[in-house]
Each structure stands twice: as C-alpha cells, then as structure tokens.
1. Within the range 268-306, can you find the residues that are within 16 Å of the ligand (Cβ to nearest atom), assigned to a loop (DSSP other than H, G, I, E, B) and closer than 30 Å to residue 242 by Cβ?
2. Within the range 80-109, how many residues turn out to be under 19 Å from residue 152 (Cα atoms), in contact with a strand residue (DSSP E or B) (Cβ under 6 Å, 6 or more places away or on another chain) and either open to solvent by less than 30 Å² (accessible area, probe 1.4 Å) or not charged (D, E, K, R) (or both)?
3. Look through 168, 177 and report the one residue that is outside any helix (DSSP H, G or I), open to solvent by less than 50 Å² (accessible area, probe 1.4 Å) and more than 16 Å from the ligand (Cβ to nearest atom).
4. Within the range 221-228, is there a residue that is modelled with pLDDT of 95 or more, open to solvent by 40 Å² or more (accessible area, probe 1.4 Å) and over 20 Å from the mean Cα position of the chain (by Cα)?
5. Out of the residues in the range 59-79 that are open to solvent by 30 Å² or more (accessible area, probe 1.4 Å) and not in a loop (DSSP other than H, G, I, E, B), which is farthest from the ligand (Cβ to nearest atom)?
6. Looking at the range 258-267, is at least one residue in the same structural domain as residue 110 (by TED's automatic domain parsing), in contact (Cβ under 8 Å) with a residue 24 or more places away in the chain and either β-branched (Val, Ile, Thr) or away from the ligand (no atom under 16 Å from the Cβ) (or both)?
7. Of these, 143, 120, 111, 176, which one is without any contact (Cβ under 8 Å) to a residue 24 or more places away in the chain and out of contact with any Asp or Glu (no Cβ under 6 Å at 6 or more places or on another chain)?
8. Given (1) in a loop (DSSP other than H, G, I, E, B); (2) touching a residue at least 24 places away in the same chain (Cβ under 8 Å), identify the lone condition not met by residue 88.
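The values are calculated or read from the model by the stated rules, or taken from the named source; none is laboratory data. Quick caveat: nothing in here was measured; it's all calculated off a predicted structure. Cβ atoms come from the backbone with ideal geometry, glycine included; neighbour counts cover every protein chain shown. When the accessible area is computed, the model is the full protein with side chains, heavy atoms only, and any ligands, DNA or RNA have been set aside. Shrake-Rupley method; radii C 1.70, N 1.55, O 1.52, S 1.80 Å.
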Amino acid sequence: MASPSPWFPKRILISHNLHEGLGEFLTARRPDLTVRALALADISAADVEWAEVMVGFRPPREGAWRDLRWIHCIGAGVDAFLFRTGLSPNTLLTRTSEDFGPQIGEYCLARALAVTQRLRLHDADQAAREWRPTHSERLAGTRVVVVGTGSVGQGIARAFRAVGCSVHGLSRSGNRHEPFDTVEPLDRFAAVLDGARWLILACPLTEESWHLLDRSKLEAASGAYLINVARGAVIDESVLPLALDQGWLSGAALDVFEREPLSPDSPLWPRRDVTISPHISGLTTIPGAAAGFLTSLAEVEAGCRPELTVEHQRGY
Ligand code: GLV
C-alpha cells in the first residue's frame, strides 16, 4: 500500500454514550477541531455525512458510516465496525490504546472468587436469616485456561497467577507469551482443558473465533466454569443451556451476549448456575479514549499510518 499523504481532518463525530465528557476533553486539547458529540441513538445520516472521522464504540444506526475515511474505535474489540458489517476496505480503522487487561482481570477474579467463596449462597442465607455453615473451595492451585493471549488475556492471567493459579493460554499461533505458564494453539483445546477449573474467553470476535465454542468444544470443556469477557458470539449461545445441564460446564459468568441487551426471554436469566452482567467488565475511560485518538490523529497529520491501525483481514 502506498504511504498515506498528510491529512488534517477537522470534523469529528463522537458517539459518546457512557463518555459524555469526551467531546469537551478533546476540544480542550485540540481547539482547532470541530467536535459533534452525540448519544449513539441520536446520530443521524446527516451527522455521518458531515463527519470526516467518527470516534465511538459502535456504529450509528443510520448513515453511510461504512464509507467514512476514518473510524477510531474506543473499545478493545473493533468487531462492531468490522465483523460482517460491510465496512469499506479503504476505511482507516484504528483502535484504542487503552489497556483493559487489569480491569477485566479483576472482573474475572471476582467471578471466580464468588464461586469458590459461595457468595451467592451466603447472600441468600442472609436474606433468609439462615445460619448455614458451608465449605468454601480454594482458588489457589486451580487450573485456568484463557482463550486469547493479547493484552486482555494477559491482564487476566496476571490476576489469576497472583492468587496462585496456573494459567494456560490458547491462541491462534500458540506462541509463548508472558505471563502464561504455557500457550498452545487452539486445536489443542481438549488437551489443554483437561483438569481446568476455569475457562475464560478473552479473544477478539473474528471469522475464526465466531462460535469457536460450539457444541463439540463445549463437550470437551471438562466441567470448567466459563467466564466470557470477549464477545457473545464466540460461543454458540443456543448450546449453553444444554452444556450446563449436561455438566460440560459447571457454571458460567457472562458479561457479553450474542445480542445485547440480552432479551428478557433468554433462558439464561433465571438459571442459578449463570451470572449475568451487562457488558461492563472493561469500561473505556475518557482520558484513555482520547489518548489513542490524539496519537493517531498526529500520525495521520504527519502522513504516517497510525500504529493503532487495525488490519481488516486479520480482524483486530
Ligand atoms: C468492550 O467490550 C471493549 O471492546 O472495549
């Protein structure tokens, strides 16, 4: 690809949702920009047409966003813009530089400790004014398998190693990576899962990882407890109730779903072996979101390909 020429985009459309101050934050640093910051649902086709660059986590419902010259994603996963969306191959897609690993590591650890310390049971007993001693389980010494060894997977691995777990990564390449005890390629799934107490999903959603956990993989999950902080569609969600009923999984903490918000009709809601949270394990911050965009903008202005550029083919 020819190297890009310097470009000085000025009209920036921000879908802010949880980050209402992001527009002000950016204009305070770059007063030469004209920023239009709106809640995602309020972005019209005319706003998209006006924009030279869009900054956000999900695409708007209306407008030709697929043909924008540049989209900067402020979340770790870029799939909302890239996965089966028809995004123009000419669109520059950049992603945040924010490291969600430590935060998501804490989320996963909290979910695992809630299971080993029987927190739900104690809450229920307290609500019922019942004194019922129960045995807790040790988290230390258990085997953790993390699918995805990027910055999020590494943050999770650090959190579990800190409490004495052994942590094993599964990735496309199987290349060794700190701080995992071992890393193996995904085709070793069943062997690596053998004896695992925890199976944690932390990979991007791509053509390769879509429904990665299908029925046969779930059958090979060895009774592990599943924690999904990746994307809902990494699992064939329709098989989850069966996987739990059959004991292929001993339970699940799910932060992401194939369709969000999770439908009130989902069979997952009432299950006592499932814990649901509304996609909150790694939350973007305003300074974190702004940093990656401003760095990439400086590179675009200098005529360089931003370091945070996502390869469309690879999907992340
Ligand atoms: C959240 O899911 C993110 O990708 O940042």
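1. Hits for the range 268-306 are 277, 278, 279, 280, 281, 282.
2. 2
3. After applying the criteria, what remains is 168.
4. No, because not a single residue in the range 221-228 is modelled with pLDDT of 95 or more, open to solvent by 40 Å² or more (accessible area, probe 1.4 Å) and over 20 Å from the mean Cα position of the chain (by Cα).
5. Among those that are open to solvent by 30 Å² or more (accessible area, probe 1.4 Å) and not in a loop (DSSP other than H, G, I, E, B), it is 67.
6. yes
7. Of 143, 120, 111, 176, the one residue that is without any contact (Cβ under 8 Å) to a residue 24 or more places away in the chain and out of contact with any Asp or Glu (no Cβ under 6 Å at 6 or more places or on another chain) is 176.
8. Exception for residue 88: condition (2).
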